[in-house]
Amino acid sequence: MSFSKAQDLIRLAKMAAARRGGVSLEDICEEFGVSHRTAQRMTDALEETFGNVEAADGEDRKRRWRLVDPGLAQLQLRHETAVEALEIAARTAEAEGRVRHARALNDMRDGLLARVPARARVEADAEAVLMAMGQVTRPGPKVRLQPDILDAIIESLRGPFRLRVRYNQDAGPRILEPHGVLLGHRTYLAARDPAKADEVRNFRIDLIHEAETLNESFVLQDGFNIADYAAQAFGVWQDPAQYGEVVWRFAPDAAERAAGFRFHPRQVLEPQDDGSLIVRFHAAGWLEMAWHLYQWGDRVEVLAPQALRDMVAGHRRGDFAALP
């Protein structure tokens, strides 16, 4: 067995030990970027290597593997790698205004270092890597959020508890039922306002000026899933009237570049005989799509929906020096 395969096996063993329900073949394919057959071989190796592997079929008829009483205390990340990961996560949380998460991550980092025998060397090695890693952020403006507002939202999501907010400068108090948070160039709270409607809608967190977590629990909307909810939109804008199939065709000289993009989590890529690429997905948010499509100039054509095609007509330029 090669070193890389041994490392993958150890990583898989940790996954099987850490996840209460175990890991499925689909989980392995997604985590390791491998085919279904390779995932099967990895579970075979897991069962051959560890004597405490259990495999069971769930209610969804998917088989999952888990390690019982794994005893993997010696199979730890290199300490400097763990310190680097925690430090990077803490910096990201702080940059996003998630002060509570940043503080917790820094505490975990300090706690880890306190238990390391060669602390000075580990800190020096980790710092050398961190100093060489510049933070790359998405270009363009970004809305700043108030940490206390985010803290109140996070606390309400734990319950879940209702949230009393003052939304917009002149509005009175409102009681919301938070269902999730959507992160992007603007950060939105997906919540239900039971006084106005039963459906979940988006609230710009930068327009929430006061937030208080109430000691009042509520029942989440039946079947609600933040990933499914987010997938209804191209960006963050939700509009049931716009939801439908979206079809873009990228020119042959832009097809390879476009194939490297994840425009939507449920996109379908269709390479064409002439070298072009067709991308299909279902979503709303035509304005956010238009903002993105403008960057591709005349190297992309909207085939559907017609309303989006009309929106970008006359704005497809051919003089851009580079593609996204």
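Points to keep in mind about this one:
- Residue 230 vs. criteria in a helix (DSSP H, G or I) and either of a type in the set (Gly, Ala, Ser) or touching a residue at least 40 places away in the same chain (Cβ under 8 Å) (or both): yes
- Residue count, the stretch 166-194 (criterion: open to solvent by 30 Å² or more (accessible area, probe 1.4 Å) and polar (S, T, N, Q)): 2
- Among the residues of the stretch 195-217, those identified as farther than 12 Å from residue 149 by Cβ and either free of Cβ contacts under 8 Å to residues at least 24 places away in the same chain or open to solvent by less than 60 Å² (accessible area, probe 1.4 Å) (or both) are 195, 196, 197, 198, 199, 200, 202, 214.
- Looking only at the stretch 267-324, and only at residues there that are of a type in the set (A, V, I, L, M) and in a loop (DSSP other than H, G, I, E, B), the one that is surrounded by the most Cβ atoms within 10 Å (Cβ to Cβ): 323
- Residue count for the stretch 239-268, restricted to those that are under 26 Å from residue 321 (Cβ atoms) and within 21 Å of the chain's Cα centre (by Cα): 6
- Residues in the stretch 223-247 that are crowded, with 16+ Cβ neighbours inside 10 Å, of a type in the set (S, T, N, Q), at pLDDT below 90 and over 12 Å from residue 201 (Cβ atoms): none.
- Within the stretch 257-266, the set of residues being surrounded by 13 or more Cβ atoms within 10 Å (Cβ to Cβ) and either among the β-branched types (Val, Ile, Thr) or more than 19 Å from residue 304 (Cβ to Cβ) (or both) comprises just one member, 257.
- Residues (under 20 Å from the mean Cα position of the chain (by Cα), farther than 16 Å from residue 68 by Cα and open to solvent by less than 20 Å² (accessible area, probe 1.4 Å)) located in the stretch 1-46: 28
- Among the conditions (1) at pLDDT below 85; (2) in contact with a helix residue (DSSP H, G or I) (Cβ under 6 Å, 6 or more places away or on another chain); (3) open to solvent by 70 Å² or more (accessible area, probe 1.4 Å), residue 66 misses just one, which is (1).
- Subset of the stretch 248-266 (residues that are outside any strand (DSSP E or B), over 23 Å from residue 200 (Cβ atoms) and touching a helix residue (DSSP H, G or I) at 6+ places or on another chain (Cβ under 6 Å)): 251, 254
The values are calculated or read from the model by the stated rules, or taken from the named source; none is laboratory data. Since the structure is predicted, the reported quantities are computational estimates derived from the model, not experimental observations. Every residue, glycine among them, receives a Cβ derived from its backbone with ideal geometry; neighbour counts consider all protein chains shown. For the accessible areas, the whole protein counts, side chains as well, though only heavy atoms, and no ligand, DNA or RNA atoms are used. Shrake-Rupley method; radii C 1.70, N 1.55, O 1.52, S 1.80 Å.
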